[in-house]
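Here is the structure we will look at.
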Amino acid sequence: MIELDRAGRSFKVKRNVVHAVRDLSFTVSAGEFVGYLGPNGAGKSTTIKMLCGILTPTSGRVRVAGLDPSRRRTTLARRIGVVFGQRTTLWWDLPLRDSFELIRHLYRVDRAAFAARLDELTETLDLGEFLRTPVRQLSLGQRMRGDLAAALLHAPDVLVLDEPTIGLDVVSKASIREFLLRQNAERGTTVLLTTHDLGDIERLCRRVMLIDHGRLAFDGTLDDLMATAPDQASLEEVVTRLYTGTAR
Ligand SMILES: Nc1ncnc2c1ncn2[C@@H]1O[C@H](COP(=O)(O)OP(=O)(O)OP(=O)(O)O)[C@@H](O)[C@H]1O
């Protein structure tokens, strides 16, 4: 479902070249739920932007649902849902329901399919109480649930999440995690999750990829990841060792 073959992306900054992502190869199969970890500045957001076609790779090849994201961005938009936890894709002054209606038009979702999907998402994400509330009046947790619904209204095959639980309290996090697990298990949605919250990884991901300085530093199961450190180490300790290079 997601395929990177020696993908790279660099940026020219004044006279220097920043290699945000280099020589990155991995495959995510349909139905997988994969955690994508890495320290600040490792290249996670750059990877995600290449996956949704916002950035074109400067080398190598990227495919999502068989499509070249930067060339087929509009076609791909029907197959992929993206949530950037730090930013909203909703219209700030509009009631949540109106944002969803605009998204229905943008994605040309059939009216009946949209109504059914919205009912389902309203129930599973518990949106009923604030569907008529302008987005700017929503709490962070409510807004995040709205953003998740917006990313899934067109029933995409792939969901890419960039820090979807950032700033949320434990109860809101738990309900979003529960929702994502169900979305993956019941609908078979492929999920790539970027997060600095290791609780998200422990609760949701069987497979973990770790990127550091733009390169893939680990790709395996959560158990394999834990096995890189001595017994009894917590996930936080394991990841810290990898980030600081003591395990390499
Ligand atoms: N548009 C840009 N122009 C120049 N440099 C960039 C640009 N976008 C990203 N970079 C650089 O590329 C590197 C990777 O950045 P990226 O945002 O992908 O990291 P990240 O892993 O998402 O980090 P964080 O966890 O802090 O969000 C960083 O050194 C960053 O400064």
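Just so you know, all these numbers are worked out from the coordinates, no wet-lab data involved. Note that this is a predicted model, so its numbers are computed, not measured. FYI the Cβ positions are ideal-geometry reconstructions off the backbone, even for glycines, and counts take in every protein chain you see.
In a simple Cβ point-charge model (Lys, Arg +1; Asp, Glu -1; nothing else charged), the stretch 160-214 has a dipole of about 280 debye relative to its Cα centre.
Ordering F26, V62, N16 by Cα displacement along the dipole of the stretch 12-82 toward the positive end leaves N16 in first place; charges were set at the Cβ atoms of Lys, Arg (+1) and Asp, Glu (-1).
Each peptide in 94-106, 152-164 gets a packing score, the mean of other Cβ atoms within 10 Å over its residues, and the list from highest to lowest is 152-164, 94-106. Overall, the ratio between the Cα radius of gyration of the stretch 45-92 and 2.2 N^0.38 Å, rounded to two decimals, is 1.18. Here the stretch 1-131 is treated as an ellipsoid with the same Cα gyration tensor; its semi-axes, largest first and in whole Å, are 32, 17, 15. Candidate cross-link partners of K49 among the lysines, defined by an alpha-carbon separation under 20 Å and a same-chain spacing of 8 or more, comprise K12. By the equivalent-ellipsoid construction on the alpha carbon gyration tensor, the stretch 131-182 comes out with semi-axes of 18, 15, 9 Å, ordered largest to smallest. Summarising the label geometry, the points placed 7 Å from Cα in the beta-carbon direction at T27 and A113 lie 2.8 nm from one another. When only the Cβ of Lys, Arg, Asp and Glu is charged (+1, +1, -1, -1), the dipole of the chain relative to its Cα centre reaches about 1340 debye. Straight Cα distances below 12 angstrom link K173 to the aspartates and glutamates E163, D197, D200, with same-chain residues fewer than 8 positions distant left out. Convex hull volume of the C-alpha atoms in the chain, normalised per residue: 132 Å³. Only helices enter the 222 nm calculation for the chain: every DSSP H run of n ≥ 4 contributes -39,500 (n - 2.57), and dividing by all residues gives -11000 deg cm²/dmol, rounded to 500. When +1 charges are put on Lys and Arg Cβ atoms and -1 charges on Asp and Glu Cβ atoms, the dipole computed for the stretch 20-115 relative to its Cα centre reaches about 280 debye. For the stretch 130-248, the C-alpha radius of gyration divided by 2.2 N^0.38 Å, with N the number of residues, is 1.20.
In the chain, Cα pairs under 8 Å separated by at least six residues give a relative contact order of 25 percent. Its residue count N sets the reference 2.2 N^0.38 Å, and the alpha-carbon radius of gyration of the stretch 5-60 equals 1.19 times that reference. Sorting the segments 215-224, 57-66 by their residues' average number of neighbouring beta-carbon atoms within 10 angstrom, most packed first, yields 57-66, 215-224.
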